[in-house]
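The values are calculated or read from the model by the stated rules, or taken from the named source; none is laboratory data. This is a predicted model, so every value here is computed, not measured. Please note: Cβ atoms are built from the backbone with ideal geometry, for glycine as well, and neighbour counts cover all protein chains shown.
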Amino acid sequence: MNNKEAIEIISGILFITILNKFLKKIIKQRRPMGSLLKDYGMPSFKAALVSFIAIYLYINTVNINRITKILIILFIIINCLIKYYNNDHTLFQLFIGIFYGS
């Protein structure tokens, strides 16, 4: 990883973090019943973050093979399914997180 890529990733993570805090304060949508987390759930920060990093790698990795591309997409899906099955987010909250993280 060179300096340009490191700056792009750090800038993207900072942007997603700030945008997420702003959107949660505006939207104020609760998490699903049964969630142990107490802050607002919309949008999913983790879905946005994982999507950003995965899509960044997907686009910017040279000589990426088909299996690696599939694993990157599976990484996003598995992460979101864990958040859904733990009652941390609704599917819609996860979808919005993936959308703006990508």
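What tally of residues in the range 73-90 results from selecting those that are under 15 Å from Ser35 (Cβ atoms) and surrounded by fewer than 13 Cβ atoms within 10 Å (Cβ to Cβ)?
2
From (1) without any contact (Cβ under 8 Å) to a residue 12 or more places away in the chain; (2) more than 11 Å from the chain's Cα centre (by Cα), pick out the condition that doesn't hold for Ile77.
The single condition Ile77 does not satisfy is (2).
Evaluate the following for Asn79: is it touching a Lys or Arg at 6+ places or on another chain (Cβ under 7 Å), part of a helix (DSSP H, G or I) and not acidic (Asp, Glu)?
yes
Got at least one residue in the range 22-30 being among the polar types (S, T, N, Q), in a loop (DSSP other than H, G, I, E, B), on the phi > 0 side of the Ramachandran plot and out of contact with any helix residue (DSSP H, G or I) (no Cβ under 6 Å at 6 or more places or on another chain)?
No: zero hits.
So which of Gly41, Gly12 ends up being in a helix (DSSP H, G or I), closer than 24 Å to Leu74 by Cα and not acidic (Asp, Glu)?
Unique residue meeting the criteria: Gly12.
Return a yes/no flag: does the range 52-72 have any residue that is closer than 15 Å to Ile96 by Cβ, surrounded by 13 or more Cβ atoms within 10 Å (Cβ to Cβ) and in contact (Cβ under 8 Å) with a residue 40 or more places away in the chain.
The answer is yes, given that some residue of the range 52-72 is closer than 15 Å to Ile96 by Cβ, surrounded by 13 or more Cβ atoms within 10 Å (Cβ to Cβ) and in contact (Cβ under 8 Å) with a residue 40 or more places away in the chain.
Quick grid of which residues meet (1) closer than 28 Å to Lys28 by Cβ; (2) in contact with a His (Cβ under 9 Å, 6 or more places away or on another chain); (3) at pLDDT 85 or above:
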| residue | (1), (2), (3) |
| --- | --- |
| Ala47 | yes, yes, yes |
| Ser51 | yes, no, yes |
| Tyr56 | no, no, yes |
| Val62 | no, no, no |
| Thr68 | no, no, no |
| Leu71 | no, no, yes |
| Ile77 | yes, no, yes |
| Asn86 | yes, no, yes |
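Just to be sure before I move on: is Tyr100 surrounded by 13 or more Cβ atoms within 10 Å (Cβ to Cβ), within 22 Å of Ile26 (Cα to Cα) and in contact (Cβ under 8 Å) with a residue 40 or more places away in the chain in the structure I sent?
Taking the combined requirement at face value, the residue satisfies it.
Pull up the range 16-27, narrow it to residues that are surrounded by fewer than 14 Cβ atoms within 10 Å (Cβ to Cβ) and within 14 Å of the chain's Cα centre (by Cα), then point me to the one that is nearest to Leu49 (Cα to Cα).
Thr17
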